[in-house]
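Undergrad: This structure is in structure tokens; I'll ask about it shortly.
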Amino acid sequence: MYGLFRAPFLLYIIIRYSPFKIICFKERSKLMSDTLNEYQGKATMEKITSLAKRRGFVFQSSEIYGGQSGAWDYGPLGIELKNRIAGAWWKEMTQLNDDIVGLDAAILMHPRTWEASGHVENFTDPLVDCKKCKSRFRADQIPEEKLSSKKCPDCDGELTDTRKFNLMFKTNIGPAEDTSSVIYLRPETAQGIYVNYKNIVQSNRMKIPFGIAQIGKAFRNEIVTKNFIFRTCEFEQMEMQYFVKGGTDEEWFNTWRKRRWAYYEKLGVSMDHLRWHQHGPGELAHYAKEAWDIEYLFPMGWRELEGVHNRTDYDLGRHTEYSGKDLQYIDQETNERYVPYIIETSAGLTRNLLMILCDAYDEEQVADKGSDDDWRTVLRFHPVLAPITVAVLPLMKKDGLAELAQDIRKELKEDFSTDYDQSGAIGRRYRRQDEVGTPFCVTVDYQSKEDGTVTLRYRDSMEQIRISRTELVQRLRTDIKEYKRIK
Ligand code: GAP
């Protein structure tokens, strides 16, 4: 009987002090410092994808059927995060700017829209296929020597000639499947704004300069979808079109570049992971006179996050031509008539979500006992973006602590998004909340019953303070407002 109790103890001693384990731990530390050297945020796409699935942020679409490439589903925490990112952008654009109003246009638009916009003719990628391994590539993304020698970059098999591939999804509306019923899923939200510009000027008495903001789905038949949710066939955009008088466009273009940069700074994004990239003549979209991308240093390298474009009077000019409608703006004071120029800020909402996940991801050593518990994974979300703002944790389930904690949670619910967790050791519960980026935890213990105080624990510093439950709401509001990322 004694032996039965002794065996687990001996096993513990062997594992605890085994040199093998120490090597593993050292290896792990080395691996982590290697990753750290490679990528400052310590996030790799594998880690982000795995955490996103494990904790209910993002799932592969139709996973039980083997998955649908280019499409992803947002789970309980993912949709909260996405809504908060969208909410922060919407507030920035509409609430904080008197001259910008919102719109939610339909995804299905008259097919002439896409002829006018130039998408039917120009929205193409150059495509090549490998005749041997059947892989498909964007011709502009494979090494020049492979393309010119027509050799597959994967297997050296023969490549087909380059052909143009239109990225718009085509379908049919109504029962007949002929050319007269062809309709497209919109590849950008922008056109919904342009075709409504006159409606909005008239109904809302907008005066130039003014903007229209929209968040919504867009669809592109991307040839290569990889890197998790970075490039997908179905995604969401947050676009704002600012209508100005020709001649003032360059000034407004620079203003909007500055504003968009400042926005990411305000959100607490690591600014050394952001940079500008100006489009050269070969990169410019068919509608743009000038274009600058804000790029983010993702784990796979610098990639476009958002574009700021000077679209000139191209779009409204083309819609005038194709619709036959007069889309000139009439200045009521001077009676001047002109087709406005458009400055566009175009950000991917789902790509922003990936950026926010990568930017928040951190692994931190919090102890030195030689065990896995020495490390915590933490998502350092800005509290306005965190899917859960505050978690309430009773120290014990018994002695009325659970009921008291539920009562406190009920009070907090009115102001914040909350979670409640009573299972497992308190340290483990803190780690679970760290891993999903909950900035505040409130712990209810025996002293709470005596004097009405609770422990408020901060995710980033892990500092704990004792505070009266009556002061909690105000304290959290102040902490959110004054939040500064410490790492
Ligand atoms: N209206 C202009 C426009 O659509 P874009 O550069 O093609 O410009 C704007 O797209 C933003 O939309 C990109 O910066 C990116 O964040 C996002 N985006 C574009 N294609 C995407 C895709 N296939 N998957 C996810 N996000 C995408």
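Undergrad: Mind counting lysine pairs for me in the range 101-202? Cα separation below 19 Å, and the two need to be 8 or more apart along the chain or on different chains.
TA: So the count works out to 14.
Undergrad: Let me ask something else about it. With a 10 Å radius around each residue's Cβ, average the other Cβ atoms per peptide and rank 174-181, 197-204, 248-255, 333-340, highest first.
TA: 248-255, 197-204, 333-340, 174-181
Undergrad: Next question, about the same structure. If the chain between residue 277 and residue 63 were fully stretched, how many nm would it gain, using 0.36 nm times the residue separation less the Cα-Cα distance?
TA: Gain on extension, residue 277 to residue 63, equals 73.4 nm.
Undergrad: Still on this structure: Taking amide H positions as placed 1.01 Å from N in the peptide plane, with prolines and chain starts having none, which residues 5 or more places from residue 229, or on another chain, fall under 5 Å of its amide H?
TA: none
Undergrad: Projecting each Cα onto the charge dipole of the range 398-459 (Lys/Arg +1, Asp/Glu -1 at the beta carbon, about the Cα centre), which of 441, 452, 423 comes out farthest on the positive side?
TA: Farthest towards the positive pole: 423.
Undergrad: Pop a pseudo-label 7 angstrom from the Cα along the beta-carbon direction at both residue 45 and residue 451 and give the gap in nm to one decimal.
TA: 5.4
Undergrad: Kindly identify the range 380-425 as rounded, prolate or oblate by the Cα gyration tensor criterion: order the square roots of the eigenvalues as a ≥ b ≥ c, call it rounded if a/c is under 1.5, otherwise compare a/b with b/c, prolate if a/b is larger, else oblate.
TA: Since a/c reaches 1.5 but b/c is at least a/b, the shape of the range 380-425 is classed as oblate.
Undergrad: Taking a virtual spin label 7 Å from the Cα of residue 325 along the C-beta vector, which residues in the range 164-191 bring their backbone nitrogen under 16 Å of it?
TA: 190-191
Undergrad: How fast does the range 276-344 diffuse by Stokes-Einstein, in µm²/s, taking the Kirkwood radius from C-alpha pairs at 37 °C and 0.692 mPa s?
TA: The estimated diffusion coefficient comes to 232 µm²/s.
Undergrad: OK, next. Please give the length that would be gained between residue 402 and residue 99 if that part of the chain were fully extended, namely 0.36 nm times their separation in residues minus their C-alpha to C-alpha distance (nm, one decimal).
TA: On the way: separation 303, 0.36 × 303 = 109.08 nm, distance 4.94 nm.
In short, 104.1 nm is gained.
Undergrad: When you count, for each residue, the other Cβ atoms within 10 Å and take the mean per peptide, how do 278-284, 211-217, 119-125 rank with the highest first?
TA: The most tightly packed comes first, giving 211-217, 119-125, 278-284.
Undergrad: Would you kindly derive the ³J(HN,Hα) couplings of the range 205-221 from the backbone phi angles with the Karplus curve 6.51 cos²θ - 1.76 cosθ + 1.60 (θ = phi - 60°), listing them in order in whole Hz, with x for Gly and Pro?
TA: For the range 205-221, the Karplus curve yields 6, 6, 10, 5, x, 8, x, 10, 10, 8, 10, x, 6, 9, 9, 9, 7 Hz.
Undergrad: Among the lysines, which have Cα under 23 Å from the Cα of residue 53 when same-chain residues fewer than 8 positions away are ignored?
TA: Output for residue 53: 42, 82, 217, 226.
Undergrad: Now for a separate question. Can you work out the FRET efficiency for the pair residue 365 and residue 335, with r the C-beta to C-beta distance and R0 = 51 Å, to the nearest 0.05?
TA: 0.15
Undergrad: Hey, another quick one. Using just the C-alpha positions of the range 354-487 as equal point scatterers, what log10 of I(q)/I(0) does the Debye formula give at each q in 0.12, 0.13, 0.14 1/Å?
TA: With one equal scatterer per Cα and no solvent, log10 I(q)/I(0) is -0.45, -0.53, -0.61.
Undergrad: Leaving out ligands, DNA and RNA, and with a 1.4 Å probe, what % of the accessible surface on the range 394-433 is carbon or sulfur?
TA: On the way: 1080 of 2300 Å².
C and S fraction of accessible area: 47 percent.
Undergrad: What fraction, in whole percent, of alpha-carbon pairs in the range 77-119 exceed 13 Å separation? Let's see the in-between values first.
TA: On the way: 620 of 903 pairs.
The answer is 69 percent, as a whole percent.
Undergrad: Quick check on the range 200-306: what are the equivalent-ellipsoid semi-axes from the Cα gyration tensor, as sqrt(5λ), descending, whole Å?
TA: 26, 18, 16
Undergrad: Normalise the Debye intensity by I(0) for the chain, one equal point scatterer per Cα, no solvent, then take log10 at q = 0.10, 0.11 Å⁻¹ and round to two decimals.
TA: The calculated log intensity ratios at q = 0.10, 0.11 Å⁻¹ are -0.92, -1.06.
Undergrad: Another one. Would you please give the FRET efficiency between residue 170 and residue 413, computed as 1/(1 + (r/R0)^6) with r the Cβ-Cβ distance and R0 = 56 Å, to the nearest 0.05?
TA: 0.75
Undergrad: If each residue of separation counts as 0.36 nm, what is the full-extension length gain between residue 460 and residue 245 once their alpha-carbon separation is subtracted?
TA: 72.7 nm
Undergrad: Hey, another quick one. Looking at the range 97-152, I'd like the Rg to Rh ratio, where Rg is from alpha-carbon atoms and Rh is Kirkwood's inverse mean 1/r. Kindly include the intermediate steps, with their values, before the conclusion.
TA: Details: Rg = 19.3 Å, Rh = 15.2 Å.
Rounded to two decimals, Rg over Rh is 1.27.
Undergrad: I'd like to check one number: the per residue accessible area of the range 340-431, probe 1.4 Å, reported in Å² as a whole number. Spell out each step's value before the answer.
TA: Details: 3370 Å² over 92 residues.
Accessible area per residue: 37 Å².
The values are calculated or read from the model by the stated rules, or taken from the named source; none is laboratory data. Owing to the predicted nature of the structure, the values given are computational and were not obtained by experimental measurement. Cβ: placed from backbone, ideal geometry, glycine included. Neighbour counts: every protein chain shown. The accessibility values were calculated without ligands, DNA or RNA, using every heavy atom of the protein model including side chains. Shrake-Rupley method; radii C 1.70, N 1.55, O 1.52, S 1.80 Å.
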